[in-house]
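The values are calculated or read from the model by the stated rules, or taken from the named source; none is laboratory data. Predicted model only: the values in this text are computed from it and were never measured. Every residue, glycine as well, gets a Cβ built from its backbone with ideal geometry; the counts of neighbours run over all protein chains shown. Each accessible area value is taken on the protein alone, full model and side chains, heavy atoms only, with ligands, DNA and RNA left out. Shrake-Rupley method; radii C 1.70, N 1.55, O 1.52, S 1.80 Å.
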Amino acid sequence: QGWPDHAPMTVYGLAGLMISISDNTATDALLTLVGREKVEALAPRNRPFLATREMFQLKAPGGEAELAAFQKGSEAERRKVLEQLGKKPLPAVEGYPSEPRALDVEWFYAARELCALMKKVHDLPLMGINPGLAKKADWDRVAFKGGSEPGVLSMTTWLEKGGRAHCVSAIWNAPQKLDEGAFMS
């Protein structure tokens, strides 16, 4: 997200940034390239599948009307809200809430779902850029994807050693700020 406007990027570079540092701009660029409907096919409980920009717009101050309409709306009505958000500017980062807000406006996955997705992509080299809490030297393969926002922490790690595979997924959702240090330990 810190690169200059119109800087050339490869799809692989965007995917690496999305996976390794949860770069929201890269995530949204890939969602646009792939198409929301294809992502929704992999995430049926997350319809419509939110771009990070849309989530920020819904949760930031000034988005109260859209947030209420999104929360109360049918899937078709939610899609109309997102269409309207596309015409509005992105709120300033400084205005984004530091406390949990609208925890029903998220991406929802159970730990088993995250591990099933990780099983499909664990062997892609970019999945090992950021090993999370695992020590790469202790494993034959490490694949990791984490994510967070106020009130939400998620870390999913695929580990392989000696022909055995393990997936560890930890998710913490709460209506208050979370202690990341406690979560990670």
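Quick one: Cα centre-to-centre distance for region 1-76 and region 155-185, in angstrom?
23
Looking at region 1-71 from every direction and averaging, what is the projected area of its Cα convex hull in nm²?
With the hull built on Cα positions only, its mean projection is 5.8 nm².
DSSP loop chymotrypsin sites (Phe, Trp or Tyr not before Pro) in region 71-126 with at most 16 other Cβ atoms within 10 Å of their Cβ, which ones?
107, 108
So what's the net charge close to residue 52: Lys and Arg +1, Asp and Glu -1, counting the other residues with Cβ under 10 Å from its Cβ?
For residues surrounding residue 52, the net value is -3.
Provide the net charge surrounding residue 99, with neighbours chosen by a C-beta distance below 11 Å and charges set as Lys +1, Arg +1, Asp -1, Glu -1. Mind showing how you got there, number by number?
Details: positive: 59, 101, 177; negative: 149.
With Lys, Arg at +1 and Asp, Glu at -1, the net is +2.
Please tell me the relative contact order of region 74-149 in percent, rounded to the nearest whole number, where contacts are Cα pairs under 8 Å and at least six residues apart. Show your work: numbers first, answer last.
Details: 26 pairs, mean separation 15.8, N = 76.
Contact order relative to length: 21 percent.
Which length gain, in nm to one decimal place, applies between residue 136 and residue 34 when the Cα-Cα distance is subtracted from 0.36 nm times their residue separation?
That pair, residue 136 and residue 34, stretches by 33.7 nm at full extension.
Mind grabbing the accessible area of residue 179 for me, 1.4 Å probe, Å², rounded to tens?
Roll a 1.4 Å probe over it and residue 179 shows about 90 Å².
In percent, how large is the relative contact order of the chain, given Cα pairs closer than 8 Å and 6 or more residues apart?
17
Ignoring any ligand, DNA or RNA, what whole percent of the accessible area of the chain comes from carbon and sulfur when the probe is 1.4 angstrom?
For the chain, the apolar C and S fraction of the accessible surface comes to 59 percent.
Ignoring ligands, DNA and RNA, what accessible area per residue does the chain give at 1.4 Å, in Å²?
It amounts to 60 Å² per residue over the chain.
Mind listing which trypsin sites (Lys or Arg not before Pro) in region 23-68 are in a DSSP loop and have 13 or fewer other Cβ atoms within 10 Å?
Those satisfying the criteria are 45.
What distance in nm lies between label points placed 7 Å from Cα along the C-beta direction at residue 92 and residue 111?
Simple spin-label model gives 4.1 nm for this pair.
Can you sort 6, 166, 122 by 1.4 Å-probe accessible area, starting with the largest?
Descending order: 6, 166, 122.
Counting only C-alpha contacts under 8 Å and six or more residues apart, can you give the relative contact order of region 112-167 as a whole percent?
31
Add +1 for every Lys or Arg and -1 for every Asp or Glu among the other residues with Cβ under 12 Å from the Cβ of residue 129, and state the total.
Working: positive: 136, 145; negative: 23.
Taking every Cβ under 12 Å from that of residue 129, the sum is +1.
Taking only pairs that are 8 or more places apart or on different chains, how many Lys pairs in region 31-111 have Cα atoms under 19 angstrom apart?
Summing the qualifying lysine pairs gives 7.
How big is region 1-142 by the Kirkwood estimate over distinct Cα pairs, in Å? Can you show the working numbers first?
Values: mean 1/r = 0.0590 Å⁻¹.
One decimal place: 17.0 Å for the Kirkwood radius.
How long are the three semi-axes of the equivalent ellipsoid of region 63-153, in whole Å, if each is the root of 5 times an eigenvalue of the C-alpha gyration tensor, listed from largest down?
So the three semi-axes of region 63-153 are 34, 16, 13 Å.
Short version: ³J(HN,Hα) in whole Hz for each residue of region 140-150, in order, from phi by Karplus 6.51 cos²θ - 1.76 cosθ + 1.60 (θ = phi - 60°), x for Gly and Pro, what are they?
Ordered by residue, 3J(HN,Hα) equals 6, 8, 10, 10, 9, 8, x, x, 7, 6, x Hz.
I need the phi-derived Karplus couplings for region 10-16: 6.51 cos²θ - 1.76 cosθ + 1.60, θ = phi - 60°, integer Hz, Gly and Pro marked x.
Whole-Hz 3J(HN,Hα) from phi for region 10-16: 8, 4, 5, x, 4, 5, x.
Residue 40 accessible area, nearest 10 Å², 1.4 Å probe?
About 10 Å², rounded to the nearest 10.
Between residue 170 and residue 124, how many nm apart are label points set 7 Å from Cα along the C-beta direction?
Using points 7 Å along Cα→Cβ, the separation is 2.5 nm.
If R0 is 30 Å, what FRET efficiency do you get for residue 7 and residue 104 from their C-beta distance, rounded to 0.05?
E(calc), rounded to 0.05, equals 0.30.
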